[in-house]
Structures are given as structure tokens and as C-alpha cells.
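First the structure, in the form of C-alpha cells, and then the observations on it.
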Amino acid sequence: MKLVSFAFEGHEGFGLVRRDEVLDVSALENGPRELLSMLNMEAAGWQWLERATPKARRLPLASVRLRAPVPAPRKFLGLGGNYASHLEEARKIGLVRAPGQVWFNKQVSCVAGPFDPVHLPAVSGEFDYEGELGVVIGRRCRHVTRENAMDMVAGFVVVNDLSVRDWQMRAPTHTLGKSFDTHGPFGPWLVTRDELPDPHRLRLRTWVNGELRQDGNTAEMTHRVEDMLVELTTAFTLEPGDVLTTGSPAGVGGLMDPPTYLRVGDVVRVEIESIGAIENTVIAEPLP
């Protein structure tokens, strides 16, 4: 199923997408009002959703504003250098990634909707895109194994891991350059794991103003989703609604010759096979 968070006539809720409608389950009495609350219920939440769906009010999909499926995740983590093609283009300009999984933190205040505008920072012109597969956690977990790791996944989303390159390179953590407000759009919905049993065979493409910039496949990922969950939960607990973004193939603007960064008015579209697409227009950062 496709789960969405949305706004409609002053109401913010969540539901399921079926064809050209949203089934708004959040309008029902005595149930969760947001997707994160449902995910926090774990098995009981999915059982409630199954019972609630036939009773949901129906809204035209075209009439709602889609928000990020989890508008306020507890954690938003990114894996750097997970595609050989991206590592190769970085090596050409002398950037070398340490071996193993290299994770960074995106502050959750960077989250934006799948079709929201994104801000060109006033302090930098090195604004770049990275189309990525996102993983949404469905169960509280620690010390998972490769064998049970996928059982912890609620589903998958499309992410644009927008990056401010000069700020990113200020420190090895990358946190500042990855966390500017609006620089974490994802969606357009959460496609549940049962509909996408193998996330490692998906074509991933990114366009800027209609020009194809990235054309890769998640089969190229060095570290699979299972390995990511094993690594992270060895260190700390993952919780329902946490978002993991899994790396990007070659074609980012900062590694083009010459570098080609985003400007006001640019439209960035990221599409992943079997999930969908997000599209964001670059605008100037609003004045304080």
C-alpha cells in the first residue's frame, strides 16, 4: 500500500492512496491522527489500519497537499558514498571515502514535502542534489541480524538529499551542510515493504530542468539495507518513523566539469521505479 501524510482544507492527516483517491483514516474517532503515531503502535497499528480502511472518507488525490510521509521523524540519517559510480567521480577530484559505512545526520528540521519549494541558501552558491532511496523504520529495534533486518522496515520513499557542499566539507560529520531548512524533501508516499520485496533492483533517476543528471540502480549499492540496519542498531536503537537515506549514484552537480550547482528557478525531479517521484523548485531563502 501507499501511505501518505497530507493537508486538506485546514485538516492535517494521513491515509492510503488508491488510484486517484486518498482514504483518510485519520478522520476516524479513537484512532491515531498521524502516520508516526500509527507506526509507534507497531503490529497493533497495522491491524487498526486494516480495520479502519473500509470506513475512511475518500478525498480526491489532486485536492490534497502531500506532506513528507513522516513529517517529524525522530532521526534522519544518511549513508555517504554507497555507490561505486559516485565514489569514482569523487576520486577524480581527489575525494576519497573511508572504508565501511560512513553515516551522517540530517537535522529533522530539514524535512520538506515531496512537492514543496526548497531554499537556495543565502550563504552559499554550492547547492547540490542527490537522488536516493529512503528507508522508513517500522519497529523499535536494537542488535538486529541480517536475517531479521527487513522485518524492521515499514517501507520505502524517494529522497532528495540536498547538500550545501562548502558547508558539508567544513567537518567530517557533514551535518551542517546536510541540514539546512527544506533540504530533506521525501515522499511522495511510503510504499510498504510487502509491495516492494526487493529494494535492491530499482532504477533511480534525477532530472534538473528536464535534463537527466543521474541514472543508476539500487543494485549498485555497496551496502545493502540489511547491512545498514545491522550497523546502526549495533550502536543505538532505531525507532518507528526513523528515515535512512541510502546513498546516491554518479551525476551530482558538484562533481560535474565544471561544477553545476542549483540556482533559483531550477526544478529537480527524483524518480525511483515502483515507488514514484518527488519534484521540488528552488527558491531564494526567505529573509528573516
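Restricting the search to the stretch 15-45, which residues are under 21 Å from the mean Cα position of the chain (by Cα), buried (at least 23 other Cβ atoms within 10 Å of the Cβ) and free of Cβ contacts under 8 Å to residues at least 40 places away in the same chain?
38, the sole residue that qualifies.
Given the stretch 26-140, what helices (runs of 4 or more DSSP H) lie entirely inside it while holding 1 or more residues that are farther than 20 Å from residue 191 by Cβ and modelled with pLDDT under 95?
Working: elements: 35-40, 43-52, 84-91.
The qualifying helices (runs of 4 or more DSSP H) are 84-91.
Of the residues that sit in the stretch 189-219 and are within 18 Å of the chain's Cα centre (by Cα) and charged (D, E, K, R), which one is nearest to residue 280 (Cα to Cα)?
Top of the filtered list is 205.
Given 224, 203, which one is basic (Lys, Arg) and in contact with a strand residue (DSSP E or B) (Cβ under 7 Å, 6 or more places away or on another chain)?
Details: 224 fails: in contact with a strand residue (DSSP E or B) (Cβ under 7 Å, 6 or more places away or on another chain).
The match here is 203.
Scan the stretch 152-179 residue by residue and report those that are small (Gly, Ala, Ser), out of contact with any Leu (no Cβ under 7 Å at 6 or more places or on another chain) and at pLDDT 95 or above. Lay out the reasoning, then the answer.
Step one: of the stretch 152-179, the residues small (Gly, Ala, Ser) are 154-155, 163, 171, 177, 179.
Imposing the further condition that a residue be out of contact with any Leu (no Cβ under 7 Å at 6 or more places or on another chain) reduces the set to 163, 171, 177, 179.
Passing the criteria: 163, 177, 179.
Mind listing whichever residues of the stretch 148-179 are without any contact (Cβ under 8 Å) to a residue 24 or more places away in the chain and either acidic (Asp, Glu) or surrounded by fewer than 23 Cβ atoms within 10 Å (Cβ to Cβ) (or both)?
Within the stretch 148-179, 148, 151, 168, 169, 170, 171, 172, 176 meet the criteria.
Among the residues of the stretch 124-135, is any free of Cβ contacts under 8 Å to residues at least 60 places away in the same chain, of a type outside the set (A, V, I, L, M) and over 24 Å from residue 83 (Cα atoms)?
Yes, the stretch 124-135 contains a residue that is free of Cβ contacts under 8 Å to residues at least 60 places away in the same chain, of a type outside the set (A, V, I, L, M) and over 24 Å from residue 83 (Cα atoms).
Are any residues in the stretch 262-288 surrounded by fewer than 21 Cβ atoms within 10 Å (Cβ to Cβ), assigned to a loop (DSSP other than H, G, I, E, B) and not small (Gly, Ala, Ser), and if so, which ones?
263, 264, 266, 273, 285, 286, 287, 288
Which of the residues spanning the stretch 58-73 are charged (D, E, K, R) and surrounded by 15 or more Cβ atoms within 10 Å (Cβ to Cβ)?
67
Failed condition for residue 182, given (1) surrounded by fewer than 24 Cβ atoms within 10 Å (Cβ to Cβ); (2) more than 17 Å from residue 72 (Cβ to Cβ), with all others met?
Only one criterion in (1) surrounded by fewer than 24 Cβ atoms within 10 Å (Cβ to Cβ); (2) more than 17 Å from residue 72 (Cβ to Cβ) is unmet by residue 182, namely (2).
Quick one: which of 40, 30 is outside the structural domain of residue 275 (by TED's automatic domain parsing), of a type outside the set (Val, Ile, Thr) and closer than 21 Å to residue 153 by Cβ?
40
Please go through the stretch 213-257 and pick out each residue that is out of contact with any helix residue (DSSP H, G or I) (no Cβ under 6 Å at 6 or more places or on another chain), among the acidic types (Asp, Glu), in a helix (DSSP H, G or I) and surrounded by 18 or more Cβ atoms within 10 Å (Cβ to Cβ).
None; the set is empty.
From the residues in the stretch 141-181 that are in a loop (DSSP other than H, G, I, E, B) and out of contact with any strand residue (DSSP E or B) (no Cβ under 9 Å at 6 or more places or on another chain), which one is farthest from residue 110 (Cα to Cα)?
147
The values are calculated or read from the model by the stated rules, or taken from the named source; none is laboratory data. Computed from a predicted structure; not experimentally measured. In this analysis, Cβ positions are derived from the backbone assuming ideal geometry, glycine residues included, and neighbour counts consider all displayed protein chains.
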